Amino acid sequence: MLVNGEWTKDWQPVQKSDEQGRFVRQISGFRNWITADGRPGPTGEGGFKAEAGRYRLYVALICPWASRTLIARKLKGLEEIIPVTVVNPTMTDQGWAFGGYPGADKDPLFGAGHLHELYTRADPHYTGRATVPVLWDMKRNVMVNNESADIVRMFDTAFEHMVPSDIRLYPEDIGAEIDALNKQIYEDLNNGVYRAGFATTQQAHDEAVDDVFDMLDLLESKLKKDYLFGDRFTETDIRTFVTLIRFDAAYHGLFKTNRKQIKDYPRLQAYMERILRLPGVIDTVNMDHITRGYYSIRALNPNGIRPSGPDHINQLLASLR
């Protein structure tokens, strides 16, 4: 991680643990917002006006948080407005690296070798981990935001006057309901699988696994229509999907959340497939990057051996491409 702008030690998957060995996730540090007219958003400062070609999105295809932003970008039709750079899926001693793997890009802006170099360009004294996604302002050469939840919401509205869309990922009339379910899904499922995988005590692992499968059971019972809020596809569905599509291939084995697979939940499996069929969503799913990335975490898989399956996920993706 970076300490006062200097890389100090090898990348480690466990960012922080509490006294009971529970995994604690880092809070994102750059929280400015792109808005239609450049006025300040809910957090941060102003001056980030929605303009075509001004912003670049840095992502890792293995990362569910980054993939949220890729899906929002696709569904909102922003591919020509916001270019994307994909980092190498393999975890290095200095975190995310550029290039050197099929489907991974070199850094087109600064020729950086690692993502952390962008963080120190944004803040020479930055302390913390260099995470994805990153939304970069190529006009001012500053980092706009590195919080996926913020980026999804700004993609939903900031460019609407330039690229009108019938899709609203955060409809205001159900905003409170979305916020409440988002929080629950984040704590027990999105971050729950990480709490299980990176737990350092049996108690912490068992607690996390209970939360994961309690949430999967709840979602299975809640899905009575196409999406979690009936017929309306929202950001909550994106948040859920990015964990579901990785579950059987990575979390079930590597993170030891192996009581069931998603294929054992008929409604969740059908829901996952339904979202995969939305225009452009499958283009954000790269199972080679996902498995290569997760199974390169040496703390969990020291020999770097990754499984070739599961077959049902490989067959599903092949049938839809």
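What number of residues within segment 198-237 are in a loop (DSSP other than H, G, I, E, B), β-branched (Val, Ile, Thr) and within 15 Å of Glu177 (Cα to Cα)? The number of residues fulfilling the criteria is 1. Of the residues in segment 294-303, not one is open to solvent by 30 Å² or more (accessible area, probe 1.4 Å), in contact (Cβ under 8 Å) with a residue 12 or more places away in the chain and within 15 Å of Phe213 (Cα to Cα). Residues that are in contact (Cβ under 8 Å) with a residue 40 or more places away in the chain and open to solvent by less than 10 Å² (accessible area, probe 1.4 Å) within segment 83-119 comprise Val87, Pro89, Gly95, Leu115, Leu118, Tyr119, listed in sequence order.
With respect to the conditions (1) within 21 Å of Ser148 (Cα to Cα); (2) touching a strand residue (DSSP E or B) at 6+ places or on another chain (Cβ under 6 Å), Phe247 falls short on a single one, namely (2).
Here's the yes/no breakdown for (1) within 17 Å of the chain's Cα centre (by Cα); (2) more than 26 Å from Thr35 (Cβ to Cβ):
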residue: Gly100; (1), (2): no, yes
residue: Gly103; (1), (2): no, yes
residue: Pro108; (1), (2): no, no
residue: Ala112; (1), (2): no, yes
residue: Gly128; (1), (2): no, no
residue: Pro133; (1), (2): yes, no
residue: Asp173; (1), (2): no, no
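Report yes if some residue within segment 15-27 is modelled with pLDDT under 95, crowded, with 20+ Cβ neighbours inside 10 Å and more than 16 Å from Asp137 (Cβ to Cβ); otherwise report no. Yes. Identify all residues within segment 277-293 that are among the charged types (D, E, K, R) and open to solvent by 70 Å² or more (accessible area, probe 1.4 Å); write none if there are none. Once the filter is applied, which keeps residues that are among the charged types (D, E, K, R) and open to solvent by 70 Å² or more (accessible area, probe 1.4 Å), segment 277-293 yields Arg277, Asp283, Arg292.
The residues of segment 70-95 that are of a type in the set (Val, Ile, Thr) and more than 20 Å from Ala112 (Cβ to Cβ), listed by number, are Ile71, Ile81.
Looking at segment 260-321, the helices (runs of 4 or more DSSP H) lying wholly inside it that each contain 1 or more residues that are out of contact with any Phe, Trp or Tyr (no Cβ under 8 Å at 6 or more places or on another chain) and among the β-branched types (Val, Ile, Thr) sit at 287-294, 311-320. You will find that of Arg73, Arg153, Arg168, the residue that is within 23 Å of Tyr227 (Cβ to Cβ), assigned to a loop (DSSP other than H, G, I, E, B), open to solvent by 20 Å² or more (accessible area, probe 1.4 Å) and not aliphatic (A, V, I, L, M) is Arg168 and no other.
The values are calculated or read from the model by the stated rules, or taken from the named source; none is laboratory data. The shown structure was predicted, so the numbers you read here are calculated from the model rather than taken from an experiment. Every residue, glycine as well, gets a Cβ built from its backbone with ideal geometry; the counts of neighbours run over all protein chains shown. Areas reflect the complete protein model, heavy atoms only, side chains present, ligands, DNA and RNA absent. Shrake-Rupley method; radii C 1.70, N 1.55, O 1.52, S 1.80 Å.
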